[in-house]
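One structure below.
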Amino acid sequence: MGVTVDYEAEIRALKRSMNAVILAHYYQESEVQDVADFVGDSLALAQAAEKTDADVIVFCGVHFMAETAKILNPTRQVLLPDLKAGCSLSDRCPPAAFKAFKEKHPGAFVVSYVNSSAAVKAMSDVICTSSNAVRIVNQIPKDRPILFAPDQHLGRHVMKETGRDMVLWPGSCIVHEIFSEKKLVGLKVEHPDAEVVAHPECEQQVLRHADFIGSTKAILDYVVKSPKSKFIVVTEAGILHQMKKSAPHKTYIPAPPDNGCACNECPYMRLNTLEKLYRCMRDRTPELVLPADLQGAALAPLKRMLEWSA
Ligand code: 13P
Ligand code: SF4
């Protein structure tokens, strides 16, 4: 008979012996969120990674998030339970094509969404996340044309909010682009008392039905504070875990995608599991390593983001 491992207890013990901090995104499975020291959106996780004095950062999120942590705090060891946890936005913006895009628009100010590779970040003037994109774009000198990559839907939302024109890279997230407008409208009819909260990576025809649009953290804060007690949630279903923990008396209805599933999960985020988290801490692998020159080049635009978000 095989020995059963109490992953949670083992992870907590390893955390102490390694002097590690576990950072997790809201799209991680509930058990992973529950064992983390900090759960947040991309901006909050980057800020937490930058300021931690733990020796090891165990990043339960996707590759670009762990890369960001390494760039902002290069002397720490950064572990990621599954190195294959990528992101469709980052994958759809290859550095060579991005370089050519940039060269077609000389003199433009380049804003890259944090959901991009370190190589793309290194070619950018400033980075943004979904929680600070409007604030960042509002600080760009009015006489500079703007390139925005790689999420066209977030880009369109930011254009609407800031009144700035931007040239958009045609990228999108495979999770947020498949929410069904038809099914969302059906849910609204079925639950006229519910508020619709959505992530700005959704398409415009979905976002136009939203009562509130924001980052995962902004959505979470909104539903907790809202006087309403029912919400249709149009983003990855992992966020429902913290909603239920923070405001358990309220009702959360995950918006369905167009693929027949009841709710929408990010296949990359869900590659991380409690077992892989335990193994990566026990074996100290996989580790996120970056070439020093790339790490250095991507730091300035990330630092500028943190300064402009303060
Ligand atoms: P947030 O920064 O809003 O958490 O978004 C991250 C992400 O990957 C959304 O798909
Ligand atoms: Fe990338 Fe979309 Fe997954 Fe977020 S939900 S990590 S944008 S693929």
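Structure values in brief
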{"read-out": "Residue count, the stretch 136-177 (criterion: surrounded by fewer than 17 Cβ atoms within 10 Å (Cβ to Cβ), among the basic types (Lys, Arg) and within 29 Å of Glu265 (Cα to Cα))", "value": "1"}
{"read-out": "The stretch 168-193 residues that are acidic (Asp, Glu), paired with ones that are within 16 Å of ligand 2 (Cβ to nearest atom) (beta carbon under 7 Å, 6 or more apart)", "value": "Glu177/Glu203; Glu181/Val206"}
{"read-out": "Selection within the stretch 82-110 - away from ligand 2 (no atom under 13 Å from the Cβ) and of a type in the set (A, V, I, L, M, F, W, C)", "value": "Leu83, Ala96, Ala97, Phe98, Ala100, Phe101, Ala108, Phe109, Val110"}
{"read-out": "Filter result for Val197 (within 21 Å of Thr129 (Cα to Cα), modelled with pLDDT of 95 or more, touching a Phe, Trp or Tyr at 6+ places or on another chain (Cβ under 7 Å) and in a helix (DSSP H, G or I))", "value": "no"}
{"read-out": "Yes/no for Pro106 being surrounded by fewer than 23 Cβ atoms within 10 Å (Cβ to Cβ) and outside the structural domain of Thr235 (by TED's automatic domain parsing)", "value": "yes"}
{"read-out": "Pair list, Cβ under 6 Å, 6 or more apart: the stretch 226-242 residue under 13 Å from Cys266 (Cβ atoms), other residue part of a strand (DSSP E or B)", "value": "Ala237/Pro254"}
{"read-out": "Of all residues making up the stretch 205-219, the number that are without any contact (Cβ under 8 Å) to a residue 24 or more places away in the chain, within 14 Å of ligand 1 (Cβ to nearest atom) and either surrounded by fewer than 23 Cβ atoms within 10 Å (Cβ to Cβ) or within 14 Å of His176 (Cα to Cα) (or both)", "value": "1"}
{"read-out": "Candidates Val134, Val56, Val126 - the one that is more than 23 Å from Ala310 (Cβ to Cβ) and in contact (Cβ under 8 Å) with a residue 24 or more places away in the chain", "value": "Val56"}
{"read-out": "Subset tally (residues that are assigned to a helix (DSSP H, G or I) and more than 15 Å from ligand 1 (Cβ to nearest atom)) for the stretch 162-192", "value": "11"}
{"read-out": "Looking only at the stretch 238-291, and only at residues there that are at pLDDT below 95 and among the hydrophobic types (A, V, I, L, M, F, W, C), the one that is nearest to the chain's Cα centre (by Cα)", "value": "Cys263"}
{"read-out": "Per-region count, the stretch 259-309, residues in a helix (DSSP H, G or I), of a type in the set (D, E, K, R) and within 16 Å of ligand 2 (Cβ to nearest atom)", "value": "1"}
{"read-out": "Options Val126, Val32; residue that is away from ligand 2 (no atom under 14 Å from the Cβ) and under 21 Å from Glu287 (Cα atoms)", "value": "Val32"}
{"read-out": "Conditions (1) away from ligand 1 (no atom under 11 Å from the Cβ); (2) touching a Leu at 6+ places or on another chain (Cβ under 9 Å): number failed by Ala46", "value": "(1)"}
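Residue-wise test of (1) crowded, with 19+ Cβ neighbours inside 10 Å; (2) without any contact (Cβ under 8 Å) to a residue 12 or more places away in the chain; (3) assigned by TED's automatic domain parsing to the domain that holds Ser116; (4) farther than 27 Å from Pro291 by Cβ.
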site: Leu14; (1), (2), (3), (4): yes, no, no, yes
site: Gln28; (1), (2), (3), (4): yes, no, no, yes
site: Gln47; (1), (2), (3), (4): no, no, no, no
site: Ala66; (1), (2), (3), (4): yes, no, no, no
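Quick grid of which residues meet (1) part of a loop (DSSP other than H, G, I, E, B); (2) hydroxyl-bearing (Ser, Thr, Tyr); (3) in contact with a Cys (Cβ under 6 Å, 6 or more places away or on another chain):
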| site | (1), (2), (3) |
| --- | --- |
| Phe98 | no, no, no |
| Val110 | no, no, no |
| Ser124 | yes, yes, no |
| Ile140 | yes, no, no |
| Asp143 | yes, no, no |
| Gly155 | no, no, no |
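The values are calculated or read from the model by the stated rules, or taken from the named source; none is laboratory data. The shown structure was predicted, so the numbers you read here are calculated from the model rather than taken from an experiment. Cβ coordinates were reconstructed from backbone atoms using ideal geometry, including for glycine residues, and neighbour counts include every protein chain displayed.
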